[in-house]
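Colleague: Dropping a structure here in structure tokens format, bear with me for questions.
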Amino acid sequence: MERILRGHLIEAVGRVLAEPMVTIEITPPKDEGHGDLSTPVAMSLTKLLKKPPRKIAEDIVSAIGPSGTFGKIDIAGPGFINFTFSHSFLCKELHGLISSGESFLTENIGRGRSIQIEFVSANPTGPMHLGHGRGAALGAALSNLLSEAGYRVEKEFYINDAGRQVRLLGISVFAKYQTLCGVEYPFPEDGYRGDYIEDISREIKEKHGDAFAGKDFDEASVPFVDFSYLKMLGLLKKDLEDFGVFFDTWQSERELYANGEVAQAINDLRERGYIFEEDGATWFRSTAFGDDKDRVIIKKDGEFTYFAPDIAYHRKKVARGFDELIDIWGADHHGYVGRMQAVIQALGCPKDSLRVLLVQMVSLLKGGQPVQMSKRAGEFITLREVMDDIGADTTKFLFLTRRSDSHLEVDIEVAKAQSAENPVYYVQYAHARINSIFEKAKQEEEAAGLPAGNLEQSLTAFNGDCFNDEEMRLVKKLLLYPMMFKNAALAHEPHRITFYLQELAGMFHTYYHKYKVVTQELELTRSRLALCRAVQIVLRHGLKILGVKAPDRM
RNA sequence: GCCCCCUUAGCUCAGUCGGAUAGAGCACAGGUUUCCUAAACCUGGGGCCAGAAGUUCGAAUCUUCUAGGGGGCACCA
């Protein structure tokens, strides 16, 4: 719908301007009475053309000329041009939606370009918390969205298996192990304290007995560190799988060191002139690209900072030839955006070839009261708990009902207690309902001695004249999906899908209550079934992007 | 101290790169089922878009300042 209008407008505005205009804004008007789609383009051209907006609007309208597409074109207010589509055009579009399905709903804005999305990348030192879950839901939905929009998408998880954190995990387990063996050993001050630490140490004790009792950590670090983080990594993978989030590639930090890629990255930057030595340390000149200060990559004690492998990692991404990179980080890392984009530019890529999406915190409430979460004390609600409690679909849907950069509150009591009135069920229910309408239609056909499923197979032969105003409202809502989809993909904002689905489901539920789909009149029934099918196609597509099931029965 | 984000209905939040009378869900009050699923529907009250000034045909949206909330500012990860 928007696509067709845009075609008309580009041509007409081009004729008025005598040159093509790049961006023409098209939006559905707030007040439905004003029409189906609207453009303020005449007003934004006033300065350029030095004419009153309404005059420009008139010129554009006459340049469009008569067309069967529109039922009416109005100029209103200060200079809006409001388009009302013709009944026949809308029906033709609905026909297209039903017969072409998904290809009608999407737009190929990626044109085969490749894009890598790195997300979650939680340290394998403990279970995933809700923030990770939010990142997982967003990353998965975004990759679905972008791959539907014609990008080749790769989903990657970066494993922080080399740094201080996994070592600390090993020490924590080691300390617990010593205690189990009856050896006194100080627990590291900032060590990990969850129950899982004890579980792992017990497992090691069962396997190796007292073999490491009383030893120095350095003698046993490899088995403890490696066993522990691999164990945790396995749990992360399991959690993600059960959450319905899958990755294409897993990049290990250790491997970057082992392959010499960290050293190569530093050499590369040195050759490009962005490395210097000062105060006994090695620095990356990130201020050359607008960062606040230069960053140390090798400390004066000879150790790499965490930043060094990050550079190597992103250099590797660049070398793999993606057209665009997306990192999804927790908002507490926003201070690193500047230096990472400096790295990208130092490697000769445009700044915006790396886009960092920040995911704000999830705060958990229980019956309105905030739940204190302390990772230190090992007291925090895990994604696993919430997922087991309210289900993966509900959890994902809730995470995707907000923009990623705004704080999210989840009240676990509310999510549980109100599960019956949960927005995800509302949308899924609409889908299931439509399915049962089709079941009903089949039964009626059989009862009438007709071949069952005949109606269902001839939906595209629906007669649009049967549609009343409310049905046409639904049709228009459906035909707005492609525009919403395109904008969501361009903005990298899956939450727009969530909102749209709730609106569409709401409209459908209302319609369902007011009108009976399966009637005694064949023509009418076929038309209404066609409309239901179209709603179902759109719901299914939207839910698929969100990673939420579209059940046939509930 | 410096930087970033946030502030919209009682609560949680949308608001499409400046557009027409600012929306939804929840909560609250009342109603709907001989009928394709009541996980649904209908009706109702609710707002100085934190505050002030500016930019222009036009501001919740852009700029500046103020107030409040969150986060970040390491040769820590």
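Colleague: May I ask for the distance between the Cα centers of the range A:211-284 and the range A:34-63, given as a whole number of Å?
Modeller: Answer, in whole Å: 58.
Colleague: How big is the antiparallel share of DSSP beta bridges in chain A, given as a percent to the nearest 5?
Modeller: 50 percent
Colleague: Over all Cα pairs of the range A:214-294, how is the pair count split among 5 Å bins, expressed in % and running from 0 up to the last occupied bin?
Modeller: In whole percents, the pair-distance histogram is 3, 10, 11, 13, 13, 12, 13, 16, 7, 1, 0.
Colleague: Determine, from the Cβ-Cβ distance of A:TYR306 and A:GLU11 and an R0 of 41 Å, the FRET efficiency 1/(1 + (r/R0)^6), rounded to the nearest 0.05.
Modeller: With R0 = 41 Å, the Cβ-Cβ based efficiency is 0.15.
Colleague: Would you kindly give the portion of the calculated P(r) for chain A that falls above 30 Å, as a percent of all Cα pairs?
Modeller: Result for the distance tail: 62 percent.
Colleague: Dipole of chain A, Cα-centred, from +1 at each Lys and Arg C-beta and -1 at each Asp and Glu C-beta, to the nearest 20 debye?
Modeller: For chain A, the charge dipole is close to 1420 debye.
Colleague: Once both labels are modelled 7 Å past Cα along the beta-carbon direction, what's the A:ASP323-A:ARG473 spacing in nm?
Modeller: That separation, rounded to one decimal, is 4.0 nm.
Colleague: Going by alpha carbons, how many degrees (0 to 90, nearest 10) lie between the helix axis of A:307-319 and the longest principal axis of chain A?
Modeller: 40 degrees
Colleague: Test of the criteria: in the range A:31-91, which trypsin sites (Lys or Arg not before Pro) are in a DSSP loop and have at most 14 other Cβ atoms within 10 angstrom of their Cβ?
Modeller: In loop regions of the range A:31-91 (DSSP not H, G, I, E or B), the sparsely surrounded trypsin sites (Lys or Arg not before Pro) are A:LYS50.
Colleague: Looking at A:VAL362, A:MET507, A:LEU138, which one has the Cα that reaches farthest to the positive end of the dipole of chain A (charges on Cβ: Lys, Arg +1; Asp, Glu -1)?
Modeller: Going by the Cα projections, it comes out as A:MET507.
Colleague: If the only charges are +1 at each Lys and Arg Cβ and -1 at each Asp and Glu Cβ, what is the size of the charge dipole of the range A:93-245 around the Cα centre, to the nearest 20 debye?
Modeller: The calculation lands at about 180 debye.
Colleague: To the nearest 20 debye, what is the magnitude of the charge dipole of the range A:37-123 about its Cα centre, counting +1 on the Cβ of each Lys and Arg and -1 on the Cβ of each Asp and Glu?
Modeller: Value, rounded to 20: 460 debye.
Colleague: Using 5 Å bins from zero, what percent of all Cα-Cα pairs in the range A:106-191 falls into each bin?
Modeller: Computed distribution, short to long bins: 3, 13, 16, 14, 13, 10, 9, 7, 6, 5, 3, 2, 1.
Colleague: Roll a 1.4 Å probe over the protein chains and send me the accessible area per residue for the range A:101-166 in Å².
Modeller: That works out to 29 Å² per residue.
Colleague: Can you tell me the Rg and the Dmax, both Å, for the Cα atoms in the range A:2-85?
Modeller: When restricted to the Cα atoms of the range A:2-85, Rg and Dmax are 11.6, 33 Å.
Colleague: Where a Cα-Cα gap under 18 Å defines reach, which aspartates and glutamates qualify for A:LYS440, not counting those fewer than 8 residues away within the same chain?
Modeller: The qualifying aspartates and glutamates are A:GLU456, A:GLU521, A:GLU523, A:ASP552.
Colleague: Which residue, A:LEU105, A:THR46, A:GLY77, has the largest displacement toward the positive end of the dipole of the range A:3-106 when charges sit on each Cβ (Lys, Arg +1; Asp, Glu -1)?
Modeller: A:THR46
Colleague: Can I ask one more? Keeping all protein chains in the complex and leaving out DNA, RNA and ligands, what accessible area do you get for A:VAL120 with a 1.4 Å probe, in Å² to the nearest 10?
Modeller: Surface accessible to solvent at A:VAL120 totals approximately 20 Å².
Colleague: Using 0.36 nm per residue of separation minus the Cα-Cα distance, give me the extension gain between A:LYS50 and A:ASN259 in nm, one decimal.
Modeller: Residue separation times 0.36 nm, minus the Cα-Cα distance, leaves 68.9 nm.
Colleague: Distance in nm between label sites at A:LEU365 and A:GLU456, each 7 Å beyond Cα in the beta-carbon direction?
Modeller: 4.3 nm
Colleague: Just the number please: accessible area per residue for the range A:2-85, 1.4 Å probe, all protein chains included, in Å².
Modeller: Per-residue value: 54 Å².
Colleague: Does anyone have the angle between helix A:337-346 and the longest principal axis of chain A? Alpha-carbon axes, 0 to 90°, nearest 10?
Modeller: Tilt relative to chain A: about 90 degrees.
Colleague: Put +1 on the Cβ of every Lys and Arg and -1 on every Asp and Glu Cβ in chain A; which of A:ALA448, A:THR287, A:HIS129 then has its Cα farthest towards the positive end of the dipole?
Modeller: Result: A:ALA448, furthest along the dipole toward the positive end.
Colleague: Can I ask one more? In chain A, what percent of the accessible surface is made up of carbon and sulfur (1.4 Å probe, ligands and nucleic acids excluded)?
Modeller: Looking at chain A in its full context, I get 49 percent from C and S.
Colleague: In what sequence, highest mean first, do A:420-432, A:537-549 appear when ranked by Cβ atoms within 10 angstrom?
Modeller: Taking the mean over residues of other Cβ atoms within 10 Å, the ranking is A:537-549, A:420-432.
Colleague: Using only the alpha carbon atoms of the range A:164-243, find the Kirkwood hydrodynamic radius as the inverse mean reciprocal pair distance, in angstroms to one decimal.
Modeller: This gives a value of 12.7 Å.
Colleague: Beyond a 28 Å Cα-Cα separation, which of these cross-linked pairs lie in this structure: A:LYS47/A:LYS476; A:LYS205/A:LYS416; A:LYS237/A:LYS317?
Modeller: A:LYS47/A:LYS476; A:LYS205/A:LYS416
Colleague: Cα axis of helix A:522-546 to longest principal axis of chain A: angle in degrees, 0 to 90, nearest 10?
Modeller: On a 0 to 90 degree scale, this one is about 20.
Colleague: Where the centre of each part is set by its Cα atoms, how far does the range A:124-182 sit from the range A:472-502, in angstrom?
Modeller: 32 Å
Colleague: If one computes P(r) from the Cα atoms of the range A:422-546, what percent of pairs lie at distances over 22 Å?
Modeller: In whole percent, the share of Cα-Cα pairs in the range A:422-546 beyond 22 Å is 37.
Colleague: May I have the extent of the alpha carbons of the range A:47-101 along their three principal axes, as whole Å values ordered from largest to smallest?
Modeller: 46, 19, 19
The values are calculated or read from the model by the stated rules, or taken from the named source; none is laboratory data. Since the structure is predicted, the reported quantities are computational estimates derived from the model, not experimental observations. No Cβ is skipped: glycine too gets one built from the backbone with ideal geometry, and neighbour counts run over all protein chains shown. Quick note on the areas: whole protein, heavy atoms, side chains included, nothing else; ligands and nucleic acids left out. Shrake-Rupley method; radii C 1.70, N 1.55, O 1.52, S 1.80 Å.
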